[in-house]
Amino acid sequence: MSTLDTPSTPAADAVLAATPRSGRTRRTTGWRRATYILLIVISLTWLFPLFWAVLSSVRDYTYTSVHGYISVGGWTLQNYVHAWQQADFTRHFLNSVYVTVPAVILTLFFASMVGFVIARFSWRFNLVMLGLFTAANLLPQQSLLIPLYRLSIIVPLPDWMSDSDLLYDSYWVLILVNTAFQTGFCTFVLSNYMKTLPKELYEAAQVDGASIWTQFWKITLPLCRPPLAALATLEVNWIYNEFFWATVLMRTGEKFPVTSSLNNLRGQFFTDNNLVSAGSVIVALPVIIIFFLLQRHFVAGLTLGANKG
């Protein structure tokens, strides 16, 4: 809308006439500068822990223990070598892959099916169903610690699924727990996106004799590739970074995912903070790289369909 199209009132005209144009320009510029300064301060505050971890990871612990962390010197890259060897990151990165990939696939598959039912069919309990699936995201995970632990120690597993006799201390317990907690959020996002798809597509499919499964598999899922790609990026980050459940539901150190293996860098009576910082940087690098590589798809997938009616 241009200035000529803007409705005016006598009071507004009087204010504009009394305020010099240069004064209004200086006021706008001042607010803009204040906004930039505030955003820069917030960004620096947010990035400071990451910067401090990277800085500590390239410094020798002996040097910092003598001269303090507020000093210059003691630069070394040996912390990364020692962290990789001591924490056995090669094995634990593979463990994270064993947990993250199946959990993401199952989460998106179940969420897409539930979202399709909620978006496609107008049933009375659709809202209740969506509330049940999102309830896991509203509950603190610690409140389910004891029930899930007791369930894991009584549920048996067949030999072909795991080398563990029980669900406890197996990769499957982490896969199922992460899938259960993440399905609700993905269902919420996918159901809202599926509601924006034209109903004429399904009416035409029904006329051609397509079953409900065909409508879901060959029509809905191909159209949901952008939000699925965005959710896959987000879920990889969340499930990969999960630390709590592995330390609770697993006891074999060789099966720990890479985030939980950081405990191997802590001693009983002494902890090299610089070594832990190097290990944390190594663990964080994969998800940072994935996020920046898929950032365009992530943002586009979450915003696509937001303005569709």
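Has segment 265-287 got at least one residue that is surrounded by fewer than 16 Cβ atoms within 10 Å (Cβ to Cβ), in contact (Cβ under 8 Å) with a residue 40 or more places away in the chain and among the aromatic types (F, W, Y)? No, segment 265-287 contains no residue that is surrounded by fewer than 16 Cβ atoms within 10 Å (Cβ to Cβ), in contact (Cβ under 8 Å) with a residue 40 or more places away in the chain and among the aromatic types (F, W, Y). For the residues V72, V54, V41, the requirement of being outside the structural domain of Y171 (by TED's automatic domain parsing) and not in a helix (DSSP H, G or I) singles out V72.
Against the definition (in contact with a strand residue (DSSP E or B) (Cβ under 8 Å, 6 or more places away or on another chain) and either in a loop (DSSP other than H, G, I, E, B) or without any contact (Cβ under 8 Å) to a residue 60 or more places away in the chain (or both)), how does I154 come out, yes or no? Answer is yes for this residue. Quick check on segment 286-303. Is at least one of its residues assigned by TED's automatic domain parsing to the domain that holds T107, touching a Pro at 6+ places or on another chain (Cβ under 6 Å), farther than 28 Å from G115 by Cα and part of a helix (DSSP H, G or I)? No, segment 286-303 has no match at all. Yes or no: Q268 part of a loop (DSSP other than H, G, I, E, B), out of contact with any Lys or Arg (no Cβ under 6 Å at 6 or more places or on another chain) and either of a type in the set (S, T, N, Q) or modelled with pLDDT under 90 (or both)? Judged against the criteria, Q268 is a match. Checking A205, A135, A111 one by one, the residue that is within 23 Å of N241 (Cα to Cα), outside any loop (DSSP other than H, G, I, E, B), small (G, A, S) and at pLDDT 90 or above is A111 and no other.
Is it the case that segment 106-128 has a residue that's assigned by TED's automatic domain parsing to the domain that holds S211, closer than 26 Å to S261 by Cβ and touching a residue at least 12 places away in the same chain (Cβ under 8 Å)? The answer is yes; a qualifying residue exists.
The values are calculated or read from the model by the stated rules, or taken from the named source; none is laboratory data. Quick caveat, the model's predicted, so the values are computed rather than measured. Virtual Cβ from ideal backbone geometry, glycine too; neighbours counted across all protein chains shown.
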